[in-house]
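Asks: After the structure tokens below, expect a handful of questions from me.
Each reported figure results from applying straightforward, stated rules to the coordinates on display, with no laboratory input. This structure is a prediction, so every number in the text was calculated from the model and none was measured. Neighbour counts are summed over all protein chains in view; Cβ atoms, including those assigned to glycine, are modelled from backbone coordinates with ideal geometry.
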Amino acid sequence: MKQHLWILELMCRIYVWAKIWAYGIGKIVGGQFHRAGQIPEEIATTPIAEVGSFDLAWTFFGYSEGYIWFIGLSQIVGGGLLLFNKTKMIGVGILIPILLNIIVVDFFFEISAGAMLSAILYFLMCCYILYYNKKQLIEAVKKIVGIQKVSRTKKGTWLGYSLAIVAVLGITVIEVFLINWVGR
């Protein structure tokens, strides 16, 4: 049985790709969100305090064409990367935060129980892809976070921390100046 688990992993990759790709295309071609200038009249004429959470979220997300394209292309690219063995982990890395965001928005804005369950299914499939490839994932993480032990004197360590704190304070002052200069 274990030697055939690759088929389950491949099925998850293809399924998530197909669904996420369709959602990404749907966003770009206008199948999702209430876009500026295309807000349904019953929503556009309702006082904002009386608009339901679903329509409020859909109107907000549809306000920016750039945001719609960013989300849609992120889904298309993340899903597409699932199709290839060499890029599937990058695809999962792109899709997991997107799917978590979708689940949270669906839950808190009461978008649709069915849509939320679908997003949970895609998320769990991505988690299975990670689990199936756990050896490669662990090796990659070890390479990324593999910090070499550096011997320092106590004086050198304190000096390094002191310089880092002074640098953080300096960057904070610059950030506050820039924010005040351009306006909040």
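Asks: Which whole-Hz couplings ³J(HN,Hα) result when phi for each residue of the stretch 75-81 is put into the Karplus expression 6.51 cos²θ - 1.76 cosθ + 1.60, θ = phi - 60°, listed in order with x for Gly and Pro?
Replies: Residue by residue, the stretch 75-81 yields 5, 5, 5, x, x, x, 5 Hz.
Asks: Using only the alpha carbon atoms of the stretch 118-184, find the Kirkwood hydrodynamic radius as the inverse mean reciprocal pair distance, in angstroms to one decimal. Please list the in-between numbers first.
Replies: Working: mean 1/r = 0.0594 Å⁻¹.
Hydrodynamic radius (Kirkwood, Cα pairs) of the stretch 118-184 is 16.8 Å.
Asks: Could I have the simple spin-label model distance between residue 101 and residue 180, label points 7 Å from Cα toward Cβ, reported in nm to one decimal?
Replies: Reported label-point gap for residue 101 and residue 180 is 3.3 nm.
Asks: Quick one: which residues, 5 or more positions from residue 82 or on another chain, have an amide H under 5 Å from its amide H? H modelled 1.01 Å from N in the peptide plane, none for Pro or chain starts.
Replies: Residues meeting the amide H criterion: none.
Asks: Going by how many other beta carbons lie within 10 Å of each one, how would you line up 35, 13, fewest first?
Replies: Details: 35 16, 13 24.
Least to most surrounded, the residues fall as 35, 13.
Asks: How many angstrom lie between the Cα centre of the stretch 118-184 and the Cα centre of the stretch 52-88?
Replies: 25
Asks: Now a separate question. Take 116, 125, 11 and order them by how many other Cβ atoms sit within 10 Å, fewest up front. Mind showing how you got there, number by number?
Replies: Numbers: 116 17, 125 22, 11 12.
Listed from fewest to most nearby Cβ atoms, that is 11, 116, 125.
Asks: When the chain is fully extended, how far beyond the present Cα-Cα distance does residue 169 get from residue 18, taking 0.36 nm per residue of separation? Can you show the working numbers first?
Replies: Working: separation 151, 0.36 × 151 = 54.36 nm, distance 4.77 nm.
Between residue 169 and residue 18, full extension yields 49.6 nm more.
Asks: What's the exposure ranking of 181, 21, 6, going from fewest to most Cβ atoms within 10 Å? Provide the component values of the computation, followed by the final result.
Replies: Details: 181 7, 21 19, 6 10.
Fewest to most other Cβ atoms nearby, the residues stand as 181, 6, 21.
Asks: OK, next. Using a Gaussian network for the chain with springs between C-alpha atoms less than 10 Å apart, which of these wobbles most: 91, 37, 160?
Replies: Its mean-square fluctuation being the largest, the pick is 160.
Asks: Name the long-range amide H neighbours of residue 111: under 5 Å, sequence gap of 5 or more, or other chain; modelled H, no Pro or chain starts.
Replies: HN-HN under 5 Å from residue 111: empty list.
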